[in-house]
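The next block holds one structure in the form of structure tokens; read it before the comments.
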Amino acid sequence: MRHFLIISFVFSFLFVFYTAAVNAQGGLGIVDPGTAAIVGGDTGSAPPPPSGEQSAPAPQQTAQRGSYSGDILTRGWWGPGGYVDPIKLTLYVLIYFLWVFCASWMNGDMERLNNPNREAANLAYVGAYLGLGLGLMFVPLFEAACPIIFLVVLVPTLVYVVQRNRTLPPHLKVLTGEHLFYIFAVSMNKIGMKIKVKPRLVYEVGSPIEMEATGFNLSKEELTKRLVLARNSPGYNEFREHLYDAITSNATTLMFDFTPESTQLKHLVDGVWLNLAPIPRVVERGKTTDKMEDALIAMKLLIGGKPEDRRSSQKGTFTAIIRKKTKYGIEFVSQGTKTGEAAMLQITAKKVPFQSMEALGIRPDLKEKLMANLNAEKGIFIVSAPPANGLRSSMDVFSRCCDRFTRDVINVEDRLTPSEEIENIVPGIYDSSKGETPLTVLPDIVFKEPKALIVRDMTALPVLEFCCKEVDNERIFITMIRSNDGVEAIFRFLAQKIPAQTFLPRLNAVVCQRLIRKLCPDCKEPFQPPPQLLQQLGLRPDQVRELHRKRTPLPEPEERKRGICLTCSGIGYMGRTAMYELIEMNDAIREAIITNPDMKAIRQLIINQKQRGFMHDGVQLLLKGEISVDELSRVMKLYQ
């Protein structure tokens, strides 16, 4: 970029003075038409002599033309005819230096932000100026050409600013009202005019994310003390920066793996771990920790942990708030390892991101069956999912969708893990930190005669027996459990040693959810599937014209020219949707579980009954172009 600026600078001024010396028409209007002759050109029109004076003899005019080069040396470039307008030339030079400043700033900004299109953008910006800016010097009307050259400099700069600001947090945006006022205030202060600018504290600088200390049975003074200690630690802003980056990258987990040589950061995005570039361990003189270890100290101070302890397991929670409105619950855990220490931050949105079954990706026919089970007169309905597959969010949606206006619904939940408040659902709270269980509050709750109870933790045998007994009193119980599929969920309840003859007749249905990554809508590519693949998917060739897959890499030069997809950052996937399995219990399934409790045999029986499972949902998503065959295969094998 620097070479481009130097070349354009030299070329611009050589062009200006060459035009001033040779072109009497004055491109850009910088060179005014004059009366003196041009080197190597004709005489032009001489001004008429003053009234009463005789014209100079022709030989003398010829002598003047012959001595033109001498006139330049004695009179300067301006000459007797005003060849160069100094005001106009100054304006042109100022516009040039404005372009130099904008080009240099844009190049440095793109380099700091790791913009993959930096080289192409630099070439386009330089080319626009050299092509249009210098070409407009041939326009003789200064009042028309000068504003156009100014726009050639200004418009691309403003377009770049708008595009960069869209993807950056407020504190990094430029030319905003706050940014312009800050520049104005600083400039006025330098010349003696005092304008107050609110100083930003150290912990307010950087990413637009704030922290709140949380903890059960802790006083406000204790929580404030934790927050103050964390804010005053050297690594607080570094910690905030990495947490903000994880949240804006849609990561649900952030991991730090500390070793003597470096710190490896990992993001769990859409259920897949992504490794970030390792950060080398650089310890400044006089210190014993690097910036990443300082960040770990800040985390431990925020949860009330012991920063000096690098071996024991430490756990705690806190809240992160982005732009003072979006809250995330953070669960922190650290543990010493053979090579150092590892810390993990589980990120959970405080507000449920889904409000309806359609938002979860549930098809209409499945929704109808789910609504029937949620609003049944009596029985047990189980909602399940593998770990880290959105079970709590889906449970909140199912709770919201059940009939809570014509019947009494009570949500039995642990005070330590509260769920979202839902209108017309009364909370029934117990405190596991005091040794309480759902059974602590259930007897008092059923005394109020509710028709539906949401008991999220029903895995303890006494609780399960109590709920089975209350089913006979015309009550529906909705619960959840983590399992890889519906059959496993049933067997996990039976593992509590409850008699199958007691539990199975009262079980109405089990729904299981698996999350699967969606293809990036901007870089996915279609392909014609081979007949063997269609046969494996159970599809006929006439049913499918094309499927979609992740973008195929090109040879290195072509891939570099194409650039990475800015929508998905080159991952190929963006966001997740869900596949569902619904097992509706019947006598054949109950009898098979009692007589032959083999999960593989039960799964085959359900398939033979043509109850739709994960594969059916996956094929439908394939046909819609939302997922890839590779991703479907990965998810199906992951939970086998």
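The values are calculated or read from the model by the stated rules, or taken from the named source; none is laboratory data. Nothing here was measured: the structure is a model prediction, and the numbers come from that model. FYI the Cβ positions are ideal-geometry reconstructions off the backbone, even for glycines, and counts take in every protein chain you see. To get the accessible areas, we keep the full protein, side chains included, count just its heavy atoms, and leave off ligands, DNA and RNA. Shrake-Rupley method; radii C 1.70, N 1.55, O 1.52, S 1.80 Å.
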When residues of the range 493-507 are limited to those that are surrounded by fewer than 20 Cβ atoms within 10 Å (Cβ to Cβ) and either in contact with a strand residue (DSSP E or B) (Cβ under 6 Å, 6 or more places away or on another chain) or of a type in the set (A, V, I, L, M, F, W, C) (or both), the one nearest to GLU377 (Cα to Cα): ARG506
Show the residue pairs that are 6+ apart or on different chains and have beta-carbon atoms under 8 Å apart, the first residue being within the range 489-514 and touching a residue at least 24 places away in the same chain (Cβ under 8 Å), the second being small (Gly, Ala, Ser) and assigned to a loop (DSSP other than H, G, I, E, B). ALA489/SER483; ARG492/SER483; GLN496/ALA460; ASN508/ALA376; CYS512/SER483; GLN513/GLY390
Across the range 334-374, which residue is farthest from ALA213 (Cα to Cα) among those that are among the polar types (S, T, N, Q) and either in contact with a strand residue (DSSP E or B) (Cβ under 6 Å, 6 or more places away or on another chain) or open to solvent by 70 Å² or more (accessible area, probe 1.4 Å) (or both)? ASN373
Between a first residue in the range 115-126 that is at pLDDT below 80 and in a helix (DSSP H, G or I) and a second residue that is loosely packed, with under 13 Cβ neighbours inside 10 Å and among the acidic types (Asp, Glu), which pairs have beta carbons less than 7 Å apart while being 6 or more apart in sequence or on different chains? ARG118/GLU111
Please specify each residue of the range 375-423 satisfying the condition of being open to solvent by less than 60 Å² (accessible area, probe 1.4 Å), farther than 18 Å from PHE354 by Cα and touching a residue at least 60 places away in the same chain (Cβ under 8 Å). ASN375, ALA376, GLY379, ILE380, PHE381, ILE382, PRO386, LEU416
Single unsatisfied condition, THR440 versus (1) part of a loop (DSSP other than H, G, I, E, B); (2) within 25 Å of LEU494 (Cβ to Cβ): (1)
Please find, within the range 626-640, the residue that is modelled with the lowest pLDDT out of those that are of a type in the set (Ser, Thr, Tyr) and more than 24 Å from the chain's Cα centre (by Cα). TYR639
Go through the range 378-429 and give me each residue that's among the aromatic types (Phe, Trp, Tyr) and part of a helix (DSSP H, G or I). PHE398
Considering every residue within the range 166-177, establish whether at least one is open to solvent by 70 Å² or more (accessible area, probe 1.4 Å), modelled with pLDDT of 75 or more and not in a loop (DSSP other than H, G, I, E, B). yes
